[in-house]
Amino acid sequence: MYAARIQLIENVIKPSLKKGTWVISDRHDLSSFAYQGGGCHINHQLITTLHTLVIKDFYPNLIFYLDVDPKISLQRIRLRGALDRIENKDINFFIRTRNEYLRLIKNKPNIITINANLAIHIVENQLKQKLKQWLKNSNAMVSMVNKNL
């Protein structure tokens, strides 16, 4: 997992950011802690060590965590068709994974939780509204910093 993560960071994300391009990704390092640590019971210290060696202090500015009840999630996944290796795991895996996500994101100001149990158009509207608010606050912070330079 971390070999793929560092390759993505070094070959795609960092060069794009250096050009001034915004990067939107569907997952980052947080999912390793939740899925492998929480779901698969892999030692948290091992994941932290890998994170420290590979990712270092490279973090997203903003993370949206789409929180969904594991039962609802599995119902939606099954509607898509064939399940992959992870999607075939039992409900307890997904409960542990979700609980680990909730533990990890607690009190993190750069992580916005969205209730993804709702209909997709409602989730989409929540995402748009939260992003607009974040951008508004970010622009205000940049403006304050620039005034103080």
Problem - Cα-projected label distance for N61 with Q133, points at 7 Å along beta-carbon direction, nm - result: 1.9
Exercise for the section: Name the aspartates and glutamates eligible as straight-distance cross-link partners of K132: C-alpha to C-alpha under 17 Å, and not fewer than 8 places from it in the same chain. Expected result: E124
Fill in the blank from the handout: With only helices counted (DSSP H, runs n ≥ 4, each -39500 (n - 2.57)), the per-residue ellipticity at 222 nm for the chain, to the nearest 500, works out to -16500 deg cm²/dmol
Completion exercise
Quick note, the chain: a/c under 1.5 would make it rounded; otherwise a/b > b/c is prolate and the rest oblate (a ≥ b ≥ c, C-alpha gyration tensor); here it is oblate
Problem - Candidate lysines for bridging to K89, where Cα separation is under 21 Å - those fewer than 8 sequence places away on the same chain excluded - result: K71
Handout entry: Positive-pole candidate from H41, L74, P60, dipole of the chain, charges at beta carbon
Key = P60
Practice task
For T48 paired with K14, estimate the spin-label separation in nm (one decimal), with each label point 7 Å from Cα along the Cα-to-Cβ line.
Solution key: 2.5
Practice task
Quick one: of K56/K136; K108/K136; K19/K136; K19/K108, which pairs are farther than 25 Å apart, Cα to Cα?
Solution key: K56/K136; K19/K108
Completion exercise
Listed with the fewest Cβ neighbours within 10 Å leading, D26, D84, D69 appear as D26, D84, D69
Exercise for the section: Using per-residue counts of other Cβ atoms within 10 Å, averaged over each peptide, order 127-137, 88-98 from highest down. Expected result: 88-98, 127-137
Exercise for the section: Would you mind checking which residues have amide H under 5 Å from I111's amide H? H placed 1.01 Å from N; only 5 or more apart, or other chain. Expected result: I63
Fill in the blank from the handout: Once phi for every residue in segment 117-127 is put through the Karplus expression 6.51 cos²θ - 1.76 cosθ + 1.60 (θ = phi - 60°), the whole-Hz ³J(HN,Hα) values, with Gly and Pro written as x, are 6, 7, 4, 4, 5, 6, 4, 4, 5, 4, 4
Completion exercise
Computed about the Cα centre, the charge dipole of the chain from +1 Lys/Arg and -1 Asp/Glu charges at the Cβ has a magnitude in debye, to the nearest 20, of 360
Practice task
Putting +1 on Lys and Arg Cβ atoms and -1 on Asp and Glu Cβ atoms, find which of N99, N117, P15 reaches farthest to the positive end of the dipole of the chain.
Solution key: P15
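Coordinate-derived values only; no laboratory data. Nothing here was measured: the structure is a model prediction, and the numbers come from that model. As a convention, Cβ positions derive from the backbone with ideal geometry for all residues, glycine included, and neighbour counts pool all protein chains shown.
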